[in-house]
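S.K.: Take this structure first; my questions come after.
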Amino acid sequence: RRLWTLYELFVARIVLGLTVDLAIMETGRAKLVAAPLGEVARCIKAVNIKNARATYQSDQIAIWTKINAVPGGADFMGAQVAELLLQLVVDLLRDLQTHG
């Protein structure tokens with residue numbers, strides 16, 4: 001729901017090709033491990049960038065201007081961010097299984 005966060009994920013990974021890691025607190029990690037992956041995937045796919053907001057109206061306008069300048073706009077960006085989030089979760093779960 002945080003517009004800046006979703007936009008920054010998109011820019012870092014998709015535009016700049018940077019490595020992005022998921023950091024999660026211990027309590028959240030335990031909940032994630034206990035949750036069925038299908039449920040986690042549904043939650044991630046439910047993230048709708050069109051409903052995301054910024055704290056300040058001026059930030060929101062600036063971010064939406066940038067999003068709308070991307071070919072495919074919010075639909076493309078939302079799909080890319082959802083795919084990235086799902087991959088980050090899968091990678092985290094795989095790492096937890098390997099390293100505890």
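The values are calculated or read from the model by the stated rules, or taken from the named source; none is laboratory data. Here the structure is a predicted model, which means the values were calculated and not measured. All Cβ positions, glycine included, derive from the backbone under ideal geometry; neighbour counts span all protein chains shown. Ligands, DNA and RNA are excluded from the accessible area calculation, which covers all protein heavy atoms including side chains. Shrake-Rupley method; radii C 1.70, N 1.55, O 1.52, S 1.80 Å.
S.K.: For residue 18, what accessible surface area do you get with a 1.4 Å probe? Give it in Å², rounded to 10.
M.R.: 90 Å²
S.K.: Roughly how many Å² of residue 94 are accessible to a 1.4 Å probe, to the nearest 10?
M.R.: 130 Å²
S.K.: I would also like to ask the following. Carbon and sulfur atoms: what percent of the 1.4 Å accessible area of segment 27-100 do they account for?
M.R.: 56 percent
S.K.: Can you list the residues of segment 11-26 with backbone N under 18 Å from a point 7 Å past the Cα of residue 91, pointing along Cα to Cβ?
M.R.: 11-25
S.K.: While we're here: Just to confirm, what accessible area per residue do you get for the chain at 1.4 Å probe, in whole Å²?
M.R.: 68 Å²
S.K.: Taking the Cα centre of the chain as origin, sum charge times position over the Cβ atoms of Lys and Arg (+1) and Asp and Glu (-1), and report the length of that vector in debye to the nearest 20.
M.R.: In total the dipole reaches around 280 debye.
S.K.: In nm, to one decimal, how far is the residue 19 label point from the residue 2 one, both placed 7 Å along Cα→Cβ?
M.R.: According to this spin-label approximation, the distance is 2.3 nm.
S.K.: Rule-of-thumb check for the chain: C-alpha Rg over 2.2 N^0.38 Å?
M.R.: 1.16
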